[in-house]
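Written out below as structure tokens is the structure these notes cover.
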Amino acid sequence: MTKRALVIDDHPITHLGASRLLRDLGYDPVGQAMSGEDALQQLAVDAAPDLIVLDISLPGAGGLDLVTPLREAAPQTRILVFSMNDQTGFAARALQAGAQGFLSKNAPPADFRDAVRTIESGEFYLAPKQAMALATLRAGASGDPLGALSDRERQVLTLIGQGHGLQAIADRLGVSYKTAANTSSVLKKKLGVDGINGLMKFALDSGV
């Protein structure tokens with residue numbers, strides 16, 4: 001099945017690079033919009049894309065302010081915010097507004113691919129550093145470190161507790177080895193443990 005994407009960014013080089021990566025992931029056509037107003041006009045007359053890649057530094061209305069109207073115009077479309085600003089606060093605001101992922105433009109192409117595949121699967125995507133920072137805030141508020149874990153992180157923790165290695169976990173969940181390894185790294189930071197053995201012990205002790 002053909003997948004459609006829309007890249008909203010006012011830099012032609014970003015359009016070129018993102019379009020190439022998206023076509024490698026099966027998106028064709030990949031539409032382009034140079035501003036939020038342009039994007040909303042396109043959505044008013046064209047079929048909604050499966051994925052929107054959105055910059056937050058745009059002429060006119062800012063990218064974060066666009067997430068809500070984009071969500072209203074295309075409720076089934078997944079939104080990946082793609083920005084030079086990788087501060088945790090921006091990532092949190094993007095997810096609160098309705099985006100499914102947040103990725104820094106400084107990230108390597110492999111991370112872009114992982115981000116798209118992750119949100120395609122229905123999961124939320126954050127870089128490990130951002131995920132850890134948000135989890136720390138949430139865990140501090142709730143006092144429960146497990147409450148800060150995403151569904152995917154709980155799945156990985158459970159499988160580690162069952163004795164599965166990272167490659168086996170990646171195969172079982174249908175993700176790349178790098179994604180499984182990144183999730184493991186985030187878990188170690190969130191839960192304050194060292195190594196796979198520490199995660200295994202935590203999983204067994206907590207009964208996940």
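Mind listing just one residue for me: the one in segment 24-53 that is within 14 Å of V81 (Cβ to Cβ) and modelled with pLDDT of 95 or more and, of those, surrounded by the fewest Cβ atoms within 10 Å (Cβ to Cβ)?
L51
Would you confirm, using the coordinates I've provided, whether A5 is under 23 Å from N85 (Cβ atoms), out of contact with any Gly (no Cβ under 6 Å at 6 or more places or on another chain) and in contact (Cβ under 8 Å) with a residue 40 or more places away in the chain?
Considered against the rule, which asks whether it is under 23 Å from N85 (Cβ atoms), out of contact with any Gly (no Cβ under 6 Å at 6 or more places or on another chain) and in contact (Cβ under 8 Å) with a residue 40 or more places away in the chain, A5 comes out as yes.
Report whether or not D24 is within 18 Å of N106 (Cβ to Cβ) and among the charged types (D, E, K, R). Please lay out each step first, then the result.
On the way: within 18 Å of N106 (Cβ to Cβ): no; among the charged types (D, E, K, R): yes.
So D24 does not fit the description; no.
Only one of (1) touching a helix residue (DSSP H, G or I) at 6+ places or on another chain (Cβ under 7 Å); (2) crowded, with 16+ Cβ neighbours inside 10 Å; (3) free of Cβ contacts under 8 Å to residues at least 60 places away in the same chain is not met by L21, so which one is it?
Going through the list (1) touching a helix residue (DSSP H, G or I) at 6+ places or on another chain (Cβ under 7 Å); (2) crowded, with 16+ Cβ neighbours inside 10 Å; (3) free of Cβ contacts under 8 Å to residues at least 60 places away in the same chain, L21 breaks only (3).
Give, as residue ranges, the strands (runs of 3 or more DSSP E) completely inside segment 14-91 that count at least 2 residues that are hydrophobic (A, V, I, L, M, F, W, C) and more than 16 Å from F102 (Cα to Cα).
Those strands (runs of 3 or more DSSP E) span 27-33.
Taking the options T68, T14, T77, name whichever one is in contact with a helix residue (DSSP H, G or I) (Cβ under 7 Å, 6 or more places away or on another chain) and of a type in the set (S, T, N, Q).
T68
Check whether at least one residue in segment 128-142 is at pLDDT 70 or above and assigned to a loop (DSSP other than H, G, I, E, B), and report yes or no.
no
Please verify whether segment 48-58 includes one or more residues that are free of Cβ contacts under 8 Å to residues at least 24 places away in the same chain and either under 17 Å from A73 (Cβ atoms) or not assigned by TED's automatic domain parsing to the domain that holds L80 (or both).
no
The values are calculated or read from the model by the stated rules, or taken from the named source; none is laboratory data. Everything quoted here is computed from the prediction, not taken from an experiment. Reconstructed Cβ throughout: ideal geometry from the backbone, glycine too, with neighbour counts over all protein chains shown.
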